[in-house]
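Here the structure is laid out as C-alpha cells; the discussion comes afterwards.
The values are calculated or read from the model by the stated rules, or taken from the named source; none is laboratory data. Remember, predicted model here, so these are calculated numbers, not experimental data. Using ideal geometry, Cβ is built from the backbone for each residue, glycine included, and neighbour counts are taken over all protein chains shown.
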Amino acid sequence: MAVFGCGGVGDAAIAGARLAGASTVIAVDIDDQKLAWAKDFGATHTVNSAKEDAVEAIKAATGGNGADVCIEAIGLPQTYRQAFEARDLAGTVVLVGVPRPDMTIELPFIEVFGRGGALKSSWYGDCLPSRDFPMLIDLYLQGRLDLDRFVSETIDLDQVEEAFHKMERGEVLRSVVVL
Ligand SMILES: NC(=O)c1ccc[n+]([C@@H]2O[C@H](COP(=O)([O-])OP(=O)(O)OC[C@H]3O[C@@H](n4cnc5c(N)ncnc54)[C@H](O)[C@@H]3O)[C@@H](O)[C@H]2O)c1
C-alpha cells in the first residue's frame with residue numbers, strides 16, 4: 001500500500017494499513033518530519049517526493065509492480081496522477097484528499113481502461129460512528145491503534161489560531177482543544 005500525504009489523515013491510513021495486515025506500506029510526503037512520524041505509525045518505506053520520483057520509488061519497493069492500493073490524502077491533481085501511475089495492475093486508487101472545486105485532472109484514457117482495477121473516493125473511511133467507534137475504541141484499548149500518537153499537543157480554545165499556523169508550518173500533526 002502507498003499513502004500520499006502524511007498528515008493526520010494519511011497517517012490514519014497508514015495505521016489502518018498495518019492493522020489490515022499490509023506488509024509493505026510506503027509513505028510519500030515532501031516534508032521529512034512528516035515522513036519520520038509516518039514511520040512511527042507503521043510505514044515500512046518513506047519517499048520524499050520533493051527529492052525523488054514517487055512513482056519510481058514505489059515501483060522499486062514493490063518488485064516493479066506498483067502498490068495494490070494507493071491512497072491520495074492530499075487532494076491535488078498531481079499527487080492523484082502519481083497515485084494512478086504507482087498502482088499495480090488492477091489495483092485500487094482511493095481519493096481521500098478533498099480537491100478544490102476548480103481543480104480538474106487529465107489521465108490517459110487508455111490507461112484508465114487498460115489498468116483495470118478501481119478508482120474510488122472515500123468520505124471519512126465510509127465510517128458509521130455508531131457501528132465503528134466502539135470497534136476503534138476496542139482497538140485502542142487493546143493497544144493496537146495508537147490514537148495518542150496523533151495528538152501533538154492539547155490546547156485551550158484561545159490557542160486555536162496559533163495551532164492552525166503550527167499545522168501550516170508542519171510543526172504538529174494535530175492540536176486537540178481541551179475544554
Ligand atoms: N475524505 C475524507 O473523509 C476526509 C476527511 C478529512 C480530511 N480530508 C482531506 O484529507 C486531506 C489531508 O488532510 P490532513 O488533515 O491530513 O492535512 P495535512 O495538511 O495535515 O496533511 C497533508 C500532508 O500532505 C503533504 N503534502 C502537501 N503537498 C504535497 C505534495 N505535493 N506531495 C506530497 N505530499 C504533500 C503535507 O506535507 C502534509 O504532510 C485534505 O485534503 C483534507 O481536506 C478528507
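Quick look at the values:
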{"quantity": "Close pairs (6 angstrom Cβ cut-off, 6 or more residues apart or separate chains): over 16 Å from residue 71 (Cβ atoms) in segment 26-40, at pLDDT 95 or above and near the ligand (Cβ under 6 Å from one of its atoms) anywhere", "calculated": "30/49"}
{"quantity": "Residue match in segment 103-117 (condition: of a type outside the set (Ser, Thr, Tyr), under 21 Å from residue 41 (Cα atoms) and out of contact with any Gly (no Cβ under 7 Å at 6 or more places or on another chain))", "calculated": "no"}
{"quantity": "Residue 48, sole failed condition from (1) near the ligand (Cβ under 10 Å from one of its atoms); (2) in contact (Cβ under 8 Å) with a residue 24 or more places away in the chain; (3) surrounded by fewer than 20 Cβ atoms within 10 Å (Cβ to Cβ)", "calculated": "(2)"}
{"quantity": "Answer from 110, 155 - the residue that is surrounded by 11 or more Cβ atoms within 10 Å (Cβ to Cβ) and without any contact (Cβ under 8 Å) to a residue 24 or more places away in the chain", "calculated": "155"}
{"quantity": "Checking residue 90 against (1) in contact (Cβ under 8 Å) with a residue 12 or more places away in the chain; (2) surrounded by fewer than 20 Cβ atoms within 10 Å (Cβ to Cβ); (3) within 15 Å of the ligand (Cβ to nearest atom), the condition it does not meet", "calculated": "(3)"}
{"quantity": "Matching option when the condition is within 15 Å of the ligand (Cβ to nearest atom) and either surrounded by fewer than 23 Cβ atoms within 10 Å (Cβ to Cβ) or part of a helix (DSSP H, G or I) (or both), among 27, 57, 22, 43", "calculated": "57"}
{"quantity": "Filter result for the condition that a residue is modelled with pLDDT of 95 or more, buried (at least 17 other Cβ atoms within 10 Å of the Cβ) and either more than 9 Å from the ligand (Cβ to nearest atom) or assigned to a strand (DSSP E or B) (or both), over 10, 16", "calculated": "16"}
{"quantity": "The lone exception for residue 166 - which of (1) within 14 Å of the ligand (Cβ to nearest atom); (2) closer than 18 Å to residue 96 by Cβ; (3) surrounded by 13 or more Cβ atoms within 10 Å (Cβ to Cβ) it fails", "calculated": "(2)"}
{"quantity": "Candidates 68, 31, filtered to the one that is touching a Ser or Thr at 6+ places or on another chain (Cβ under 9 Å) and among the charged types (D, E, K, R)", "calculated": "68"}
{"quantity": "Sole residue being surrounded by 10 or more Cβ atoms within 10 Å (Cβ to Cβ) and within 11 Å of the ligand (Cβ to nearest atom), chosen from 95, 147, 139", "calculated": "95"}
{"quantity": "Given (1) within 10 Å of the ligand (Cβ to nearest atom); (2) buried (at least 24 other Cβ atoms within 10 Å of the Cβ), number of the condition residue 100 does not satisfy", "calculated": "(2)"}
{"quantity": "Residue match in segment 124-135 (condition: among the hydroxyl-bearing types (Ser, Thr, Tyr), closer than 30 Å to residue 82 by Cβ, in contact with a Leu (Cβ under 8 Å, 6 or more places away or on another chain) and within 11 Å of the ligand (Cβ to nearest atom))", "calculated": "no"}
